[in-house]
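Here is the structure we will look at, set down as structure tokens.
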Amino acid sequence: MRAIEAKAFSGYGGLRQSELPKPQPTADRVLVRVTAAGVTPLEYTILSGGHPRATAPLVLGNEGAGVIEDAGDSGLAVGSRVMFTGPYGVGENGAWQDWLLVRPEHLALVPDAIDDVVAASLPAAYLTAQITLTQAGFAPGKTLLAPGIGGSVGNATYQLARAQGAGKVISTAGSAAKAARAREHGFDHVIDLTTEGLADGVRRITAGKGVDIVIDSIGGTVTSEALSSLGHGGVLTTLGYSAGRKTTIDVTDLIWKRARMTGFSLFAQSPTTIAAAWQDILSLIGNGSVKPIVERVYPLAEAGEALRHLIEDRPFGKVILTM
């Protein structure tokens, strides 16, 4: 079968298309014929040698969608359409290949109204967004900051919070063009960082009150600016570092506001938590209040270019590989 392997963690040049044996069915795993797979910043972190659990050679791809060919002992029906995320492409081979053995608890059935490309765009970003909102104490009427409107987690968080009754949802754009694109999609409170600072923008939009919740998937200086944007008793969840792993914070943003800051890993969530999040997400997509955005689709053979496009061009929406 075809697979995109990182032969070495040396950047895009370390990727090669290989022919690997098709995985053999096992009782405790489900054999999925992969039809589409997501491209995420995690793959770039791994290719840059920045993930301690990953070792080369490794087939990348942390999320995907496909069709069950052998259900093992899962009780699922052969032929069912499914989507998944988990430790794939990190601690074991991932979704950038024609077949993958997936743990049953990592699978979710794909509704008929969602095609495989959209399904492959959902697991990592939308599960992360919904679970972090829940854990941060989100409730209707609360105000929220999710930086990075064009990124998968930022956009998913914005849409899910808005659909579930947020008082205001705020995001950011790194260029005037991306800010304009956000307005075209109906995202109202997007701060154009080329003309206004993040903290200044939040103060303007919230009339100086700050936000109740920050879901920060960006890292770097965005984290410290977002922390300063919290209101009294606010919560900041940090989960990504595309803009850098290090930042400097003003501890009084935590002390004086009685605020708190926490980290998040999707890998650490229980099957019960994942299942509850899927129920909420698919209901909102089904009724049309949330509309996932896929920016570009590449064939599997162009995985390296797809990842380069995601990291260097910073598109508005998800990048997907199809088999």
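The values are calculated or read from the model by the stated rules, or taken from the named source; none is laboratory data. Since we're looking at a predicted model, the values are computed, not measured. Every residue, glycine among them, receives a Cβ derived from its backbone with ideal geometry; neighbour counts consider all protein chains shown.
Remarks
- Residue in region 59-102 that is nearest to R2 (Cα to Cα), counting only those that are among the hydrophobic types (A, V, I, L, M, F, W, C) and assigned to a loop (DSSP other than H, G, I, E, B): W96
- Within region 200-222, being part of a helix (DSSP H, G or I) and either of a type outside the set (S, T, Y) or touching a Pro at 6+ places or on another chain (Cβ under 9 Å) (or both) holds for D200, G201, V202, R203, R204, I205, V222.
- Check on P52, within 24 Å of T322 (Cβ to Cβ) and either not aliphatic (A, V, I, L, M) or not in a helix (DSSP H, G or I) (or both): no
- Only one entry in A156, A120, A146, A163 is under 23 Å from V59 (Cβ atoms) and at pLDDT 95 or above, namely A120.
- Tallying residues that are among the acidic types (D, E), more than 20 Å from G72 (Cα to Cα) and surrounded by fewer than 24 Cβ atoms within 10 Å (Cβ to Cβ) within region 27-49 yields 0.
- Filter result (among the aliphatic types (A, V, I, L, M) and either touching a residue at least 12 places away in the same chain (Cβ under 8 Å) or surrounded by 24 or more Cβ atoms within 10 Å (Cβ to Cβ) (or both)) within region 153-180: V153, A156, L160, A161, A163, A166, V169, I170, A173, A176, A179
- Contact map, region 8-26: first residue in the same structural domain as V59 (by TED's automatic domain parsing), second residue in a loop (DSSP other than H, G, I, E, B) and small (G, A, S), Cβ cut-off under 7 Å, separation 6 or more or different chains; pairs are A8/A56; F9/S48; F9/G49; F9/A56; G11/S48; G14/A8; P25/G72; T26/G72.
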